[in-house]
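What follows is one structure encoded as C-alpha cells, with my remarks underneath.
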Amino acid sequence: MEDNIISAFASLTSMPLKNVHVVRDRLTGASSGFAFVELHSLKESQDLLEYLESLPTPLEVDGKAIIINYAKNTFTTAYVIVIFFCSIV
C-alpha cells in the first residue's frame with residue numbers, strides 16, 4: 001500500500017516524499033485506515049496540503065478517497081500529512 005500512496009502523490013507533484021507509513025493492525029497486518037506521509041520541511045508539507053485541498057475531486061489510493069490532515073511529529077520535528085482512507089460510495 002505504501003507504494004500505491006507514493007505513486008498517487010507522484011502522479012500529482014514532483015515534490016519528494018521523505019517517508020510513507022501505513023498504520024497496520026499488529027495481529028492481522030491489515031491497514032488501520034490511515035497513513036502518515038512525511039515530507040522534508042514545513043514549507044513542503046504546507047504547499048502539498050494546500051494543493052491537495054484545492055483538487056476538485058479527492059485523491060484516491062487503492063480505489064479509496066483520502067481525507068487529508070496535517071500533523072507535526074514531535075519526536076523528530078518532521079512535518080507530516082495524515083491521510084485517512086474512506087470507502088467511495
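The values are calculated or read from the model by the stated rules, or taken from the named source; none is laboratory data. In this text, all values refer to a predicted model and were calculated from it rather than measured experimentally. Neighbour counts are summed over all protein chains in view; Cβ atoms, including those assigned to glycine, are modelled from backbone coordinates with ideal geometry.
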Which numbered condition in (1) touching an Asp or Glu at 6+ places or on another chain (Cβ under 9 Å); (2) at pLDDT 85 or above is the only one that residue 13 fails?
(2)
Output the residues belonging to the range 17-29 that are without any contact (Cβ under 8 Å) to a residue 60 or more places away in the chain, in a loop (DSSP other than H, G, I, E, B) and surrounded by 11 or more Cβ atoms within 10 Å (Cβ to Cβ).
17
Members of the range 30-51 that are outside any helix (DSSP H, G or I) and more than 13 Å from the chain's Cα centre (by Cα)
30, 31, 32, 40, 41
In the set 75, 84, which member is modelled with pLDDT under 85, part of a loop (DSSP other than H, G, I, E, B) and either among the hydrophobic types (A, V, I, L, M, F, W, C) or surrounded by 13 or more Cβ atoms within 10 Å (Cβ to Cβ) (or both)?
75
Tell me, yes or no, whether the range 7-14 has at least one residue that is in a helix (DSSP H, G or I) and more than 16 Å from residue 82 (Cα to Cα).
yes
Quick check on my filter: what residues within the range 1-16 are under 16 Å from residue 61 (Cβ atoms) and without any contact (Cβ under 8 Å) to a residue 60 or more places away in the chain?
2, 3, 4, 6, 7, 8, 9, 10, 11, 12, 13
Which condition breaks for residue 63 when tested against (1) surrounded by 11 or more Cβ atoms within 10 Å (Cβ to Cβ); (2) closer than 14 Å to residue 85 by Cβ; (3) without any contact (Cβ under 8 Å) to a residue 60 or more places away in the chain?
(1)
